[in-house]
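Comments concern the structure below.
The values are calculated or read from the model by the stated rules, or taken from the named source; none is laboratory data. Given the structure is predicted, the values throughout are model-derived calculations rather than measurements. Please note: Cβ atoms are built from the backbone with ideal geometry, for glycine as well, and neighbour counts cover all protein chains shown.
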2 protein chains.
Amino acid sequence: MSTEKSLSANEKETRVIEKKGTWMTYRPDIKVLDCTIRDGGLINNFGFTDDFVKAVYETCIEAGVDYMEMGYKASKKIFVPSNHGAWKFCNEEDVKKIVGDNNTDLKLSVMADAERTDYHEDILPKSQSVIDLVRVATYVHQIPIAVDMIKDAHDKGYETTLNLMAASLVKESELDEALEILSATEVDVIYLVDSFGSLYSEDIQTLVHKYLRFAQASGKKIGIHAHNNQQLAYANTIEALIMGASFVDATIGGLGRGAGNCPMELILGFLKNPKFRLRPVLKCIQDHIVPLRKEISWGYDVPYAITGQLNQHPRTAINFMGNNSKDYTGFYDSVINGD
Amino acid sequence: MSTEKSLSANEKETRVIEKKGTWMTYRPDIKVLDCTIRDGGLINNFGFTDDFVKAVYETCIEAGVDYMEMGYKASKKIFVPSNHGAWKFCNEEDVKKIVGDNNTDLKLSVMADAERTDYHEDILPKSQSVIDLVRVATYVHQIPIAVDMIKDAHDKGYETTLNLMAASLVKESELDEALEILSATEVDVIYLVDSFGSLYSEDIQTLVHKYLRFAQASGKKIGIHAHNNQQLAYANTIEALIMGASFVDATIGGLGRGAGNCPMELILGFLKNPKFRLRPVLKCIQDHIVPLRKEISWGYDVPYAITGQLNQHPRTAINFMGNNSKDYTGFYDSVINGD
């Protein structure tokens with residue numbers, strides 16, 4: 001222990017951070033993606049009313065948000081449609097019921113999970129769809145199928161992103177290999193995804209730096225998707241921006257499974273581009289998010305902090321919170337003991 | 001605008017950050033100060049039960065926290081004692097009712113506000129008190145009186161800190177002068193205080209770097225006291241630690257006026273020193289903080305984000321929240337218009 005102490009007292013690491021912006025100016029390359037419906041739908045099985053989805057859509061337009069994610073393109077062979085809300089599948093007619101032909105500056109996206117999407121069938125040619133962007137979500141072991149999904153979506157005419165989930169669990173050598181493979185695809189944006197809300201600012205710095213190294217060489221951009229398990233979603237999002245990420249995910253009121261996401265009202269208040277407007281987001285919160293809190297729960301609480309600190313999937317915390325228990329020590333003991 | 005755009009797109013600032021720690025080791029110089037009662041008392045006029053204060057005290061001991069702040073030493077000439085709870089004054093007999101002779105490793109502190117403390121009379125010689133540390137809180141224009149308060153406390157035998165409030169409003173030239181004056185005093189620690197929860201990580205980097213430059217030359221340490229108006233209290237606290245601050249303020253469950261403080265459960269989960277224990281803090285939350293939430297409210301909400309973004313005192317947001325209104329756009333309009 002004394003060695004450790006003297007090491008820590010003496011050791012100083014120096015790091016050079018190349019900053020990508022200043023406070024008074026803004027970076028026009030930064031794009032904001034709203035995933036309120038998609039990430040929030042994980043709480044209520046995509047059971048939002050059309051009014052709610054339409055309110056989010058109109059808010060995004062008025063707020064100058066760049067992309068809105070309508071939901072997932074889940075396989076109807078794996079998931080029975082009648083058991084889930086429409087936004088788990090994003091049928092073209094359901095999307096059009098909300099957005100019409102979407103003659104706006106807002107682009108629309110869907111998320112397609114590797115191994116859980118019948119992408120050949122369910123993702124239409126771009127000419128037949130109002131969707132602009134297909135985001136392929138994958139764990140590192142699913143990269144080969146994700147690469148095929150990117151090719152499929154790209155060839156059909158879509159913009160594409162690759163969202164590599166649970167980055168905090170991926171070994172560095174595997175991550176290097178994955179990023180090398182992805183750099184050789186047609187994907188436009190590679191996302192750093194902190195699925196467990198376990199990354200600290202220094203992790204964000206290191207990872208964005210690494211992602212950028214691969215992406216920039218192949219003309220791609222980097223995105224950030226953060227969770228709030230340790231109250232770091234917003235902090236890590238701006239850290240990633242400062243380091244050079246240019247796509248950011250946010251949700252209105254931080255709506256999202258478990259501890260939730262980077263709140264749109266915080267990130268829009270931070271960004272300096274005058275095309276962004278905060279007030280429509282506040283209006284949406286008071287009219288639609290506040291009432292929703294009577295039906296479903298999300299946001300930081302102690303169990304999420306515990307799983308985040310331990311770099312674990314929050315599912316045990318989500319289950320615990322669902323029981324309305326406040327036995328935090330019991331939860332802590334069970335997680336520490338691996339029960 | 002096009003100039004601004006090209007500037008922002010091209011401009012790259014490079015900064016060298018000298019890091020003061022690694023992930024696997026720990027820094028024994030880091031001290032954690034619990035200010036649950038003091039900052040939380042601003043919500044309920046210090047109306048905590050003795051049981052609650054005793055629970056926090058025992059939690060701090062079990063958790064390995066270094067200091068616990070009992071409350072303020074407010075002037076009884078300015079504030080009528082019968083109108084406030086005991087912890088606004090921290091009479092020696094009231095403190096001893098909780099801690100006895102405090103034969104523990106936990107040190108005790110009180111906060112003394114410049115111009116609102118009769119420090120000559122009300123701060124006893126250390127030999128007559130169980131208090132170990134006097135923290136002088138001051139705005140920049142009160143520095144002369146704060147310097148006298150530090151001398152008074154130091155001469156009486158106490159450790160001292162200087163908490164320079166509302167740092168986000170202080171002009172750089174004035175801050176330099178203040179830090180130069182403080183460096184010449186006997187104070188042990190100079191605190192960076194983000195009273196409005198308006199600082200971003202880059203501000204923290206710049207300010208801690210500046211504070212350290214003055215403090216290290218005179219053998220002093222730097223502390224950080226953060227507020228959660230923009231969900232950045234914890235993030236900014238660890239940023240300050242990484243930059244070299246060694247005293248951190250935290251409160252159990254983030255209890256504190258308005259958006260609250262850096263949560264003790266997060267910072268103890270982050271620090272690697274094995275003397276710290278998370279479980280007693282979780283136990284205190286479930287037994288004492290959860291019930292308290294039925295009586296008083298604190299924590300992040302939209303109005304605090306708005307005042308934080310605008311670098312304003314949160315008093316308008318606190319008043320708004322007290323009315324249980326969700327008219328966020330009305331609040332935003334009034335703050336923007338300066339009503």
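Observations, loosely collected:
- Taking the listed residues B:242, B:238, the one that is in contact (Cβ under 8 Å) with a residue 24 or more places away in the chain, surrounded by fewer than 24 Cβ atoms within 10 Å (Cβ to Cβ) and within 11 Å of chain A (Cβ to nearest Cβ) is B:242, with no other qualifying.
- For segment B:205-212, the criterion of being at pLDDT 95 or above, touching a Gly at 6+ places or on another chain (Cβ under 7 Å) and not acidic (Asp, Glu) is met by at least one residue.
- Checked against the criterion of being in a loop (DSSP other than H, G, I, E, B) and either facing chain B (nearest Cβ under 9 Å) or surrounded by fewer than 24 Cβ atoms within 10 Å (Cβ to Cβ) (or both), the candidates A:319, A:311 yield just one match: A:311.
- Residue, nearest to the chain's Cα centre (by Cα), within segment A:218-228, restricted to residues that are more than 10 Å from chain B (Cβ to nearest Cβ) and either assigned to a loop (DSSP other than H, G, I, E, B) or closer than 14 Å to residue A:300 by Cβ (or both): A:226
- In summary, helices (runs of 4 or more DSSP H) completely within segment A:1-75 and bearing 1 or more residues that are at pLDDT 60 or above occur at A:36-44, A:50-63.
- Counting only residues that are of a type outside the set (Phe, Trp, Tyr) and closer than 13 Å to residue A:163 by Cβ, segment A:184-219 holds 8 of them.
- Of everything in segment A:196-211 that is within 13 Å of chain B (Cβ to nearest Cβ) and among the hydrophobic types (A, V, I, L, M, F, W, C), the residue that is nearest to residue B:231 (Cα to Cα) is A:199.
- Residue list for segment B:80-102, filter: within 22 Å of the chain's Cα centre (by Cα) and either in a loop (DSSP other than H, G, I, E, B) or of a type outside the set (A, V, I, L, M, F, W, C) (or both): B:84, B:85, B:88, B:89, B:90, B:91
- Set side by side, the residues B:207, B:199, B:241 differ, and just one is in a loop (DSSP other than H, G, I, E, B), among the hydrophobic types (A, V, I, L, M, F, W, C) and within 30 Å of residue A:265 (Cβ to Cβ), which is B:199.
- Residue tally, condition surrounded by fewer than 23 Cβ atoms within 10 Å (Cβ to Cβ) and closer than 16 Å to residue B:26 by Cβ, over segment B:245-266: 1
- Enumeration of residues in segment B:152-169 that are over 17 Å from the mean Cα position of the chain (by Cα) and either buried (at least 16 other Cβ atoms within 10 Å of the Cβ) or small (Gly, Ala, Ser) (or both): B:152, B:153, B:154, B:156, B:157, B:158
- Checking residue B:144 against (1) in contact (Cβ under 8 Å) with a residue 12 or more places away in the chain; (2) within 17 Å of residue B:186 (Cα to Cα); (3) in a helix (DSSP H, G or I), the condition it does not meet: (1)
- Within segment B:39-67, being among the hydroxyl-bearing types (Ser, Thr, Tyr) and more than 26 Å from residue B:269 (Cα to Cα) holds for one residue alone: B:49.
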